[in-house]
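Worksheet for the structure shown next.
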Amino acid sequence: MSDVTRLLDAMGTGDRQASAELLPLVYDELRRLARAHMANERAEHTLQPTALVHEAYLRLIGDSNPSWDGRGHFFAAAAEAMRRILVESARRKQRIKHGGELSRVELDESHLATTTSDERLLAIDEALERLASDEPQAAELVKLRFFAGFSIAEAAEILGLSRTTAYEQWAYARAWLRCEIEGGD
């Protein structure tokens with residue numbers, strides 16, 4: 001059992017010291033996730049990767065007795081926490097600066113490496129929530145790929161899927177999201 005897994009198990013039993021010991025072991029990987037998230041954001045985004053890591057970590061350990069099914073589940077939860085923080089930030093900015101007006105945008109794999117506007121991030125998040133209600137595993141795969149920057153192989157491992165199934169679900173989810181975002185009227 002790795003140190004990370006041991007500490008995650010200890011945190012699940014209420015050991016508060018374990019969370020302090022865990023951070024140095026997972027910090028570099030959390031920074032990589034945060035940089036992947038921030039690579040999709042505007043250059044002038046006010047949230048920095050370090051702040052994103054710290055906020056996500058605080059959310060993860062904030063539960064009275066958090067429990068994770070191993071290292072992969074913990075990092076998937078971290079990726080989800082980071083996604084939620086960025087979406088909350090985008091929503092807050094929309095209310096303040098833009099009156100909440102959203103515009104429809106196209107989602108395709110080439111967007112993984114491009115800048116994400118607040119409007120686009122919110123449109124993707126809303127469509128992703130609808131996908132999650134029908135196809136939760138496909139939605140989780142999209143979150144890990146698009147928001148956390150994991151490869152299909154890494155996301156498949158975290159979700160316990162075969163690579164073939166992950167590729168099939170990725171293709172399905174991309175097509176579903178494209179239709180939902182482009183032609184949702």
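Since every read-out is calculated from the coordinates, none of them should be taken as a lab result. Nothing here was measured: the structure is a model prediction, and the numbers come from that model. Every residue, glycine as well, gets a Cβ built from its backbone with ideal geometry; the counts of neighbours run over all protein chains shown.
Taking the Cβ of Ala10 as the center, what net charge do the other residues with Cβ under 12 Å away carry, scoring Lys and Arg +1 and Asp and Glu -1? Walk me through the intermediate numbers first.
Details: positive: Arg6, Arg16; negative: Asp3, Asp9, Asp15, Glu21.
Once positives and negatives cancel, what remains is -2.
Of Met38, Met82, the sequence from fewest to most neighbouring Cβ atoms within 10 angstrom is Met38, Met82.
Can you give the FRET efficiency for His73 and Arg95, using 1/(1 + (r/R0)^6), R0 = 30 Å, r = Cβ-Cβ distance, to the nearest 0.05? Please report the intermediate quantities before stating the final value.
On the way: r = 33 Å, r/R0 = 1.09.
With R0 = 30 Å, the Cβ-Cβ based efficiency is 0.35.
Ranked by the mean number of other Cβ atoms within 10 Å of their residues, highest first, the peptides 89-95, 70-76 come out as 70-76, 89-95. Footprinting exposure proxy ranking of Glu55, Glu21, fewest other C-beta atoms within 10 angstrom first, gives Glu21, Glu55.
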